[in-house]
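Here the structure is laid out as structure tokens; the discussion comes afterwards.
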Amino acid sequence: QVQLVESGGGLVQPGGSPRLSCAASGIIFSIYSMGWYRQAPGNQREPVASIRSDGTTTYADSVKGRFTISRDTAKSTLYLQMNSLKPEDTAAYYCNARYLHKNYWGQGTQVTVSS
């Protein structure tokens, strides 16, 4: 079965630079568009960054210049390098995999930005 397992979250100080990982299994990773979403308490889930199978990336305006999405096809792993974190980046971060009608989600990893 398909599994997307996120890791790398936790309590981070403002200005910190954690890296999130999403290990995928059960899918042909190379053909999927992959993305990171986040959801803060009381808010809707929102897109953060995405990377297509051809490597094309997109970012939410709120994270442009601070976050970098990447993928390692050999490891079937998606990454999100987060720099210059702000308290408003606090949220549960979810990994997403999409291909045609198929759409899968990870269980999420919490990132809390606080001093």
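Read the figures in this text as sums done on the coordinates, not as results from a lab. Everything numeric in this text was worked out from a predicted model, so none of it was measured. No Cβ is skipped: glycine too gets one built from the backbone with ideal geometry, and neighbour counts run over all protein chains shown.
Figures for the structure shown
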{"read-out": "Where Rh is the Kirkwood radius over Cα pairs, Rg/Rh for region 1-64", "value": "0.99"}
{"read-out": "Cα pair count fraction exceeding 25 Å, expressed as % - the chain", "value": "16 percent"}
{"read-out": "Summed side-chain charge close to P18 - residues other than P18 whose Cβ falls under 14 Å, Lys, Arg +1, Asp, Glu -1", "value": "+2"}
{"read-out": "Contact order normalised by residue count of the chain, Cα under 8 Å, 6+ apart, percent", "value": "37 percent"}
{"read-out": "Partner lysines for K64 [C-alpha distance under 16 Å; skip if fewer than 8 residues away on the same chain]", "value": "K86"}
{"read-out": "For the chain, size of Cβ-based charge dipole, Lys and Arg +1, Asp and Glu -1, in debye", "value": "140 debye"}
{"read-out": "Global size of region 47-115 as Cα Rg and Dmax, reported in angstrom", "value": "12.8, 42"}
